[in-house]
Amino acid sequence: MIESDATISLLRQAARAARENAHCPYSQFAVGAAVLAGDGVIYRGANIENASYGLTICAERAAIFAAVSAGAGTIKAIALVTSSHDVSRPCGACRQVIAEFSSTDSPTVVITESVDGAFEIETIEQLLPHRFNL
Ligand code: THU
C-alpha cells in the first residue's frame, strides 16, 4: 500500500463530496467515488440511475471512465462512500473495471467507506483474484 494517510484522507473526502451528486431516485442509495490516477489527479464519479434501470452506472465506473477519458493511464487508488451502515465493497463488474487499470507492480488500493465513516483499505488483487484477462 503506497498511498499516504493524507492521500487516503483526501480521496475519502472527494468520494464523499462526489456522493452529493448521485442521481439515485429509484434506489435512494447514493454512492460517491474518487480515483487517484497515475497522473496524480483526483477524478470523481457518482452513481447515475435511469428509469430504464439497466442503464444505471455505478459511481466507481463513472469515476474511472472520467479519469481514463481525461488521459489517465493507471489508477493508483479508488475511494468509495456508500449509503450503507456497513462498509460495502465494489460490485463485481466494477472490480473487473478497476482491475483493467491497475498496475501489476502496484495493485490499485481500494478504500471502502460506510455512510457513518467506517472504512477499510484493501487492494484490487484481494477483492478480485484471478480476474478475467485476454
Ligand atoms: N452502486 C454503485 O454505485 N456501486 C457499486 O459498487 C454497487 C452499486 C449503485 C448502483 C445503484 O445506483 C445503487 O448503487 C443501488 O444498487
Review point. Taking the stated definitions as given, is Arg44 among the charged types (D, E, K, R), open to solvent by 10 Å² or more (accessible area, probe 1.4 Å) and part of a strand (DSSP E or B)?
Key: yes
Check your understanding: Has the range 61-68 got at least one residue that is closer than 18 Å to Glu122 by Cα, of a type in the set (A, V, I, L, M), near the ligand (Cβ under 10 Å from one of its atoms) and in contact with a strand residue (DSSP E or B) (Cβ under 9 Å, 6 or more places away or on another chain)?
Key -> no
Point to revise | From the options Thr123, Thr104, residue that is at pLDDT below 95 and more than 10 Å from the ligand (Cβ to nearest atom) | key: Thr104
Check your understanding: Out of all the residues in the range 91-122, which are touching a residue at least 12 places away in the same chain (Cβ under 8 Å), part of a loop (DSSP other than H, G, I, E, B) and among the charged types (D, E, K, R)?
Key -> Asp116
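Listed here are the residues, each with its yes/no results for (1) farther than 19 Å from Glu20 by Cβ; (2) surrounded by fewer than 23 Cβ atoms within 10 Å (Cβ to Cβ); (3) at pLDDT 95 or above.
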site: Leu55; (1), (2), (3): yes, yes, yes
site: Ala59; (1), (2), (3): no, no, yes
site: Ala63; (1), (2), (3): no, no, yes
site: His85; (1), (2), (3): no, yes, yes
site: Phe119; (1), (2), (3): no, yes, yes
site: His130; (1), (2), (3): yes, yes, yes
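The values are calculated or read from the model by the stated rules, or taken from the named source; none is laboratory data. Not measured: the values here are computed from a predicted model. Note that we place each Cβ from the backbone using ideal geometry, even for glycine, and neighbour counts take in every protein chain shown. The area values use the complete protein model at the heavy-atom level, side chains included, leaving out ligands, DNA and RNA. Shrake-Rupley method; radii C 1.70, N 1.55, O 1.52, S 1.80 Å.
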